[in-house]
Amino acid sequence: MSSSAEREKFRVAICGGGIGGLTLAVVLGNSNCSVDLYESESEITTVGAGISLFARATEIMQELGLLDELSDLATQPPQPNTGPRFRKADQTVDNVWFQKIFIAGPLHLHRRDLIDVLLRHIPPTTRVHLNKKMTSWFQDASGSIHMQFADASSSEADVLVGADGIRSVTRRCMYRAMAKKSEDESSDIPSPLRRYVDPLWTGILAYRSLIPMEKLKGIQPDAAGAKVITYHLVTYPVARGQFLNVVIFCHVPDAFDTAFPYPGRWVADVEAEEVAEIVKRFAHWEPEVQTVLQAVERPSRWALHIVRKLPHFVSGSTAILGDAAHAMEPHFGAGAAQAIEDAFILGRLLSHNLTSKSNIEAALRVYETIRLPFAQDVVQASQNVGRLLTFKSPANDGTYLPHQTVNELDGIRHMIEDEWEWQNSKGSVLEWERAERKLRELLS
């Protein structure tokens, strides 16, 4: 077996400096890869506020030696036998519905804190390029990948990893190229692969806000409300408990699974008139919800989009991860954690002592084999929970589930708990061990 030093060094380009891209850079560490990270903005920053890391993601952070540092920045370290409380908040009395208990509760963080920790642990050998917005790429006959950027510059790599979010240029070029190849081979019959190029609006608008805790004395921070038809609300503390992260979900009637992107700006600041209209919709909810909503100032409105279930995360020597591969509805708060899992498996495969420039594509196929089915199961489960939180059938047939009696609510509760159960255990390291076995089998 060749040692790492004897293997030919290969070039890895990471497109995107978000949580997934930065985690990949950390995992690659001081491996045999030459790593370049391209970020489209003038600095590496983040959008959104709160983030929750459950057992699978915290297990990875433990493996990377980052968990203690992150725990110091969290509201509190992960606590055993805790979890989110669900309330039927349109009832002013007896509104506690149930609490989902986890063996190890989540780590609640501000996204900025996670980004900063990852940045501190990127090795100095990783070259970070700012203001580099990739506009296209292609792979030539020799296997080299050529990237073009908005500033008219270009670069080459042996591996391209698209961690460039839901509007991923990496995914767009990948699926357009795959579709064109299919059309060339089938007398120009339009390829169904083109349907995977662009994201779709979920029919959900999410209003996000951070509220200083001093404005909310006595409020239960870990609560989720559910109300029939269109709304539910999620809150949890971040930044060492200094702020309450609030997300109000508005499900636009009959707009689930639209076949088009949202027609307006996907992320926009909200004016006072729109805030007042949202608050009005919650007029009959419990007093604690009223207090939270009265403290909301200038939230941002997010039109939530997803990516169709892709048939591939890999093409040639290019792979996609995170939202570029499996953007999902946020009802588990698992999008970032799934990007972390992608980066962990992919990074370890690329830095493995069996992986060389000549067998990169084999290593990427193992990544797809391991991560695609799991991530897409999470996408589906999150969608199911979103329906259940508005008392709609997960079958997405537009029907409402009976939810007035105790027995009816218990039935919905059990469905929600079943969908959440995957968060209740570790497994990321075991997943890596399975990936390593497949790599060895493939390259033996």
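Read-outs: derived from the displayed coordinates by stated rules, not from any lab. For clarity, every value in this text was computed on a predicted model and none was experimentally measured. A quick note on method: Cβ atoms are made from the backbone with ideal geometry, for glycine too, and the neighbour counts reach across all protein chains shown.
Just a few scattered comments:
- Exposure proxy ranking for Val159, Val307, based on other Cβ atoms within 10 angstrom of each Cβ and starting from the fewest, stands as Val307, Val159.
- At q = 0.09, 0.14, 0.20 Å⁻¹, base-10 log of I(q)/I(0) for segment 4-134 (Debye sum, equal scatterers on each alpha carbon): -0.37, -0.74, -1.13
- In the chain, Rg over Rh equals 0.98, where Rg is the alpha-carbon radius of gyration and Rh the Kirkwood radius from pairwise Cα distances.
- For segment 391-443, alpha-carbon Rg and Dmax in angstrom: 18.9, 58
- Proxy reagent accessibility, fewest Cβ within 10 Å first, across Arg308, Arg440: Arg440, Arg308
- Neighbourhood net charge (11 Å Cβ-Cβ; Lys/Arg +1, Asp/Glu -1) for Val47: +2
- Mean separation of Cα contacts under 8 Å (6+ apart) over length of the chain, as relative contact order %: 20
- Compactness of segment 334-384 was expressed as the Cα radius of gyration divided by 2.2 N^0.38 Å, which yields 1.29.
- Among Arg171, Arg194, Arg56: highest mean-square fluctuation, GNM of the chain, C-alpha pairs under 10 Å: Arg194
- Residues with amide H under 5 Å from that of Lys392, placed H, sequence gap 5 or more: Leu401
- Evaluated over the Cα positions of segment 282-323, the convex hull gives a direction-averaged projected area, one quarter of its surface, of 5.6 nm².
- Radius ratio Rg over Rh of segment 121-208, counting only Cα atoms, Kirkwood formula for Rh: 1.06
- Put a plus charge on the Cβ of each Lys and Arg, a minus charge on the Cβ of each Asp and Glu, and nothing anywhere else: the dipole of segment 23-182 about its Cα centre is then about 760 debye.
- Taking amide H positions as modeled 1.01 Å from N, with prolines and chain starts lacking one, the residues under 5 Å from Ser34 and 5 or more places away or on another chain are Phe10, Arg11, Val12.
- Near Arg11, once Lys and Arg are set to +1 and Asp and Glu to -1 for all other residues with Cβ below 11 Å from its Cβ, the sum equals -1.
- Net charge, Ser144 excluded, C-beta distance under 12 Å - Lys, Arg +1, Asp, Glu -1: -1
- Rounded to 5, the percent of DSSP beta bridges in the chain classed as antiparallel: 75
- Selection from Leu118, Thr75, Val159 lying farthest towards where the dipole of segment 60-205 points positive, charges on Cβ: Thr75
- Footprinting exposure proxy for Thr369, Thr318 (fewest neighbouring C-beta atoms within 10 Å first): Thr369, Thr318
- Counting only Cα atoms, segment 246-363 measures 62, 30, 21 Å along its principal axes, largest extent leading.
- The rule of thumb for compact globular proteins, 2.2 N^0.38 Å, goes into the C-alpha radius of gyration of segment 81-134 2.03 times.
- J(HN,Hα) series, segment 12-22, from Karplus relation 6.51 cos²θ - 1.76 cosθ + 1.60, nearest Hz, glycine and proline x: 10, 9, 9, 9, x, x, x, 4, x, x, 5
- In whole percents, the pair-distance distribution calculated for segment 339-444 from its alpha-carbon pairs, binned every 10 Å from zero, is 13, 34, 21, 17, 11, 3, 0.
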